[in-house]
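Structure first, then comments.
What follows draws every value from the coordinates through simple rules; no lab data is involved. Because the structure is predicted, anything quoted here is derived from the model rather than measured. Counting neighbours? That spans all protein chains shown, and the Cβs are built from the backbone with ideal geometry, glycine included.
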Amino acid sequence: MDCIFCQIRDGQIPSTRVYEDALTLAFMDINPVNEGHLLIISKTHAETIYDMSPPDLAAVSATAKKMAEAIRQALHSEGLNLYQANGAAASQVVPHFHLHLIPRWKGDGKGFDWKLVKGDPERIRVTAEKIRAQVPTERT
Ligand code: AMP
Ligand code: ZN
């Protein structure tokens, strides 16, 4: 297995770990967008959200809440971005599921650079209908 994040999980390559539990591990990103930028991985190797089990995804989410609180306490950050890429088209570089936590400060000049352009309401409605048709119905 030559997955770099599996190797970090197993301690085969160095990392700066900040938290770990049975299902997840949090460590500092080596190319921080801002001070405090960290990554949370599932310990089970899964490439993207499509490969993740719902319990692993829930565990990453619970760890994100813990880390968000810890980052804010430690760094007095004013905001926080959660970012997570799936697939090359979405700019995923490391093929092991990971969630970025990026602390933000007003006027830090960082952030996603997309322009807000009003969508065609009819097109939005049709697309929503296509997605809604694929959402599994909950059994009670
Ligand atoms: P992406 O797959 O686009 O979400 O980005 C992968 C992230 O992993 C980048 O922010 C890298 O800086 C980070 N990264 C890559 N290798 C390491 C490593 N050995 N330790 C910590 N972070 C890493
Ligand atoms: Zn892996």
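The table that follows gives values for the structure above.
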item	result
Top-ranked residue in the range 32-47 [being in contact (Cβ under 8 Å) with a residue 60 or more places away in the chain and among the aliphatic types (A, V, I, L, M); ranked as farthest from ligand 2 (Cβ to nearest atom)]	Val33
Qualifying positions in the range 62-99 - in contact (Cβ under 8 Å) with a residue 24 or more places away in the chain and within 16 Å of ligand 2 (Cβ to nearest atom)	Gln84, Asn86, Gly87, Gln92, Val94, Pro95, His96, Phe97, His98, Leu99
Complete set of residues in the range 1-31 that are within 19 Å of Ala68 (Cβ to Cβ) and either touching a residue at least 24 places away in the same chain (Cβ under 8 Å) or within 14 Å of ligand 2 (Cβ to nearest atom) (or both)	Val18, Tyr19, Asp21, Leu23, Thr24, Leu25, Ala26, Phe27, Asp29
Some residue of the range 60-75 being on the phi > 0 side of the Ramachandran plot and more than 12 Å from the chain's Cα centre (by Cα)	no
Residue, farthest from ligand 1 (Cβ to nearest atom), within the range 1-16, restricted to residues that are surrounded by 14 or more Cβ atoms within 10 Å (Cβ to Cβ) and within 15 Å of Leu38 (Cα to Cα)	Arg9
Filter result (away from ligand 1 (no atom under 11 Å from the Cβ) and in contact with an Asp or Glu (Cβ under 9 Å, 6 or more places away or on another chain)) within the range 27-37	Asn34
Yes/no for Tyr83 being touching a His at 6+ places or on another chain (Cβ under 6 Å) and under 23 Å from Gln7 (Cβ atoms)	yes
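This table checks each residue for (1) within 28 Å of Leu39 (Cβ to Cβ); (2) assigned to a loop (DSSP other than H, G, I, E, B).
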site: His96; (1), (2): yes, yes
site: Pro103; (1), (2): yes, no
site: Gly111; (1), (2): yes, yes
site: Val126; (1), (2): no, no
site: Gln134; (1), (2): no, yes
